[in-house]
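The values are calculated or read from the model by the stated rules, or taken from the named source; none is laboratory data. Because the structure is predicted, anything quoted here is derived from the model rather than measured. Glycine gets a Cβ as well: all are built from the backbone with ideal geometry, and neighbour counts include every protein chain shown. These accessible areas exclude ligands, DNA and RNA; they are computed on the full protein's heavy atoms, side chains included. Shrake-Rupley method; radii C 1.70, N 1.55, O 1.52, S 1.80 Å.
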Amino acid sequence: MRQFRVVRDPTPPTVKPLNWRQVKRPWVGCMHLGDNDIYVSAPLRRLLDAQMRVLTPELQRCFGTHALLLGAAKDDIPPALPMLGSWVRLFLDGNCYRGDLLAATGESLPFSDDAFDLVLLRHALEVSPAASALLAQAIRVLAPGGLLALTGVHPLSGWSPWLRWQAKGRPLRLQLPLRLHQVLRQEGLEVELAQRVGRSWPGLRSRDKKVVNVFGGGYVLIARKRRRVALPRRNVPATVAVPAGGRLSPGTRRSSALQTTRDT
């Protein structure tokens, strides 16, 4: 019986920063677990629309060359922001990032530091296997002065049990906005907007056209990364001991010294 042996390329592929179309090879550890179809359901679509109605006016003042959208649904569409150059679109699929590139969630995002002027995490933290690491990576790739926008389902709302029931056993990590607020401040970001939006219950029919609701099922957070401040160096004067000698100091006039000597 003949034996076959699988030979792999000994040189692993690399992903260059800011090369949006670069794709990793299949052996990075990704495993397809199916789309997050719950986020394309009608109730969550309404919640996503309510969140974007609050976010869009705030993001209109964003400008730059690159923006990153990291979502939970495969067909997430970035908002139309005229002052932003281009979008990199990714979505979470189990332990993989898919979309404009393929990478494993256990690794760092394959982008250089301070690469994006806007980072939008749309329900990404609650489906990520490592939410804290993902948030830290999002802050790392955000440029100083850029905006970080976060959306999700509020864990203390009527949407939480409904979402867990719809997930059918898949793990969800709902984030408390107050906790996110504290983490962002510790990382040097200034929170500019924190609101609860949407309906209080997924099946509730609301005739009110206002999307901001103190008992809403979703939340919206916007934080700005502080710019690096270059502080001028302050020279501290130091006292230097000068030994006493028989010579006159440079500021003393020789004529005055001679006149004093003659008087004595």
Worksheet, complete the sentence: Note on ASN95: of the conditions (1) closer than 22 Å to GLU192 by Cβ; (2) surrounded by 17 or more Cβ atoms within 10 Å (Cβ to Cβ), unmet is (1)
Worksheet, complete the sentence: Residue pairs qualifying under the 7 Å Cβ cut-off, at least six apart or on distinct chains, with the first in the stretch 135-159 being under 17 Å from GLU107 (Cβ atoms) and the second being open to solvent by 20 Å² or more (accessible area, probe 1.4 Å) and among the hydrophobic types (A, V, I, L, M, F, W, C), are LEU135/VAL183
Item to complete: Those residues that are open to solvent by 60 Å² or more (accessible area, probe 1.4 Å) and either part of a loop (DSSP other than H, G, I, E, B) or of a type in the set (D, E, K, R) (or both), I need them from the stretch 64-87; list them, please.
Response: LYS74, ASP75, ILE77, ALA80, PRO82, MET83
Worksheet item: Out of all the residues in the stretch 54-63, is one or more out of contact with any Ser or Thr (no Cβ under 7 Å at 6 or more places or on another chain), touching a residue at least 60 places away in the same chain (Cβ under 8 Å), closer than 25 Å to ARG224 by Cβ and in a loop (DSSP other than H, G, I, E, B)?
Response: yes
Discussion item. VAL153 - would you say it is modelled with pLDDT of 90 or more, of a type in the set (A, V, I, L, M) and open to solvent by less than 90 Å² (accessible area, probe 1.4 Å)?
Written reply: yes
Worksheet item: How about the stretch 189-222: which of its residues are small (Gly, Ala, Ser) and in contact with a helix residue (DSSP H, G or I) (Cβ under 8 Å, 6 or more places away or on another chain)?
Response: ALA194, GLY198, GLY203, GLY216, GLY217, GLY218
Practice prompt. Please specify each residue of the stretch 203-228 satisfying the condition of being under 21 Å from LEU48 (Cα atoms), assigned to a strand (DSSP E or B) and open to solvent by 30 Å² or more (accessible area, probe 1.4 Å).
Written response: VAL212
Practice prompt. Consider ILE38 carefully, then state whether it is of a type in the set (A, V, I, L, M, F, W, C), part of a loop (DSSP other than H, G, I, E, B), open to solvent by 20 Å² or more (accessible area, probe 1.4 Å) and modelled with pLDDT of 85 or more.
Written response: no
Fill in: Selected residue [farther than 22 Å from LEU84 by Cβ and not basic (Lys, Arg)] from ALA149, ALA124, ALA136
ALA136
